[in-house]
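Quick notes on the structure that follows.
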Amino acid sequence: MDFTNLLAERTELMKANAIREILKVVAKPGIISLAGGIPSPESFPMDLFHELSRRVMEKYQSAAFQYDLTEGFIPLREQLSLLLAGRKIEAGPEDIHVTSGSQGALDAVGKLLISKGDKIAMESPTYLGAISAFNPYEPRYVSMETDDHGLIPESLEQTLKTHRIKLIYLVPTFQNPTGRTLPMERRIRIAELLKKYDALLVEDDPYSALRYDGEPVPAVKTMAPDHVIYVSTLSKIFAPGLRIGFYAAPEFLSRWLVLVKQGVDLHTSTFNQALAAQYLEGGYLENHLPKIIKLYRPRQQAMLNALETGMPREFTCSPSQGGMFLWVSGPENFDAMTLYEKAVEKGVAFVPGRFFYTDPSQGHETMRLNYTMADEATIETAVEKLGAAAREIIG
């Protein structure tokens, strides 16, 4: 049977995730991966899962295996409210809804808000997963300018002045792919612009807990709460396979987002939510997060050092104080795809930066490097190989 004619028109915009395809190369023996955007298994609290499971069984019994509210498991929402309070975000349990990973929240936002041809304003570069989530709903993307400190507010204002924007999507803290963080003064200005133009921001915040240096910066949600859907996750600070994401949105949008989720999966796994509730309620995150920081901080520093000494002087790295990635730019007209192919020959994989742009003409000289999945010595070896490949290309 020819199934091609059965496909909906929207499937033309549903492309294979480029990073997932690159990870197939990483699976080959002898390849050092700087490509995946995934937490290290060493960061998982493996020693806690037996205890957490025991607590869940004792406390919730069969309720942990039953259908539950679409909005989310109430004990978890209560704990997430406290977690967000620590981030200076005022959101009661009734304001927080749980999704199957933050990706589930992004897809729900797309399904609810995006009609064919709607304009979505995004950083350039931006998170590839957001593009994948929004693409099936056929938006038009408006790229906004960034520098080493993230989104340039003047570019946002110009975008809002000249386009009818349905929503803005940003990752303000330790952005994926660049690792950059919006400074306080820019956040204040962005919040002012949201209010001035009555615009809606989707603020994606998966990485802010992974800070290795400097002081935390408040979420934009704290400055313009009625204009922001704040999306976050426990994937980077608990376990990604449990698929616990969550959001806090204006009440009107929350009600509709619940209806969207009801049509997708009814609710996120009750047992997994119960595990997360116990993880937070028992104070385990407070004890475990410093261990994650202790694991990742020297890896980031090792990569920064290796890039400074091992890459040709024509390459620059954006500053970053946390997260999981560093963003490297080559000289003008450099082709990172050519470097990728040569690096793989030498046993190193990374993600060429062009995949993080909605405009295919941009980002050809850039690359995203992940440091969470390799130890310091391996990172040094990988960057040395990467530098050798770059020198062969640029002479």
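The values are calculated or read from the model by the stated rules, or taken from the named source; none is laboratory data. What you see is a predicted model, and the numbers here were worked out from it, not measured in a lab. As a convention, Cβ positions derive from the backbone with ideal geometry for all residues, glycine included, and neighbour counts pool all protein chains shown.
Values for this structure:
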read-out	value
Hits in segment 286-309 - residues which are buried (at least 21 other Cβ atoms within 10 Å of the Cβ) and either charged (D, E, K, R) or in contact with a helix residue (DSSP H, G or I) (Cβ under 7 Å, 6 or more places away or on another chain) (or both)	ILE292, ARG299, MET303, ALA306
Residue check, PRO125 modelled with pLDDT under 95 and not hydrophobic (A, V, I, L, M, F, W, C)	no
Selection status of GLN273, in the same structural domain as LEU128 (by TED's automatic domain parsing), over 30 Å from HIS149 (Cα atoms) and under 21 Å from the mean Cα position of the chain (by Cα)	yes
Residue check, VAL231 touching a strand residue (DSSP E or B) at 6+ places or on another chain (Cβ under 7 Å) and in a helix (DSSP H, G or I)	no
Subset tally (residues that are part of a loop (DSSP other than H, G, I, E, B), under 25 Å from LYS236 (Cβ atoms) and of a type outside the set (Asp, Glu)) for segment 341-382	8
Residue check for THR338: within 19 Å of ASP148 (Cα to Cα) and β-branched (Val, Ile, Thr)	no
Qualifying residue in segment 209-225 (condition: aromatic (Phe, Trp, Tyr), more than 19 Å from LEU128 (Cβ to Cβ), in contact with a Lys or Arg (Cβ under 8 Å, 6 or more places away or on another chain) and in the same structural domain as ILE237 (by TED's automatic domain parsing))	yes
Residue list for segment 107-137, restricted to those being in contact with a helix residue (DSSP H, G or I) (Cβ under 8 Å, 6 or more places away or on another chain) and under 19 Å from THR181 (Cα atoms)	ALA121, MET122, PRO125, THR126, TYR127, LEU128, GLY129, ALA130
Selection from segment 320-340 of residues that are surrounded by 14 or more Cβ atoms within 10 Å (Cβ to Cβ) and part of a loop (DSSP other than H, G, I, E, B)	SER320, GLN321, GLY323, MET324, GLY330, PHE334, ASP335
Selected residue [over 17 Å from the mean Cα position of the chain (by Cα), in a strand (DSSP E or B) and in contact (Cβ under 8 Å) with a residue 12 or more places away in the chain] from LYS195, LYS166, LYS261	LYS166
Selection status of ARG186, crowded, with 24+ Cβ neighbours inside 10 Å, basic (Lys, Arg) and touching a His at 6+ places or on another chain (Cβ under 8 Å)	no
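Yes or no, residue by residue, for (1) at positive phi; (2) hydroxyl-bearing (Ser, Thr, Tyr); (3) touching a residue at least 12 places away in the same chain (Cβ under 8 Å); (4) in contact with a Pro (Cβ under 6 Å, 6 or more places away or on another chain):
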| position | (1), (2), (3), (4) |
| --- | --- |
| ALA191 | no, no, yes, no |
| GLY214 | yes, no, yes, no |
| THR222 | no, yes, yes, no |
| ASP226 | no, no, yes, yes |
| ASP265 | no, no, yes, no |
| THR268 | no, yes, yes, no |
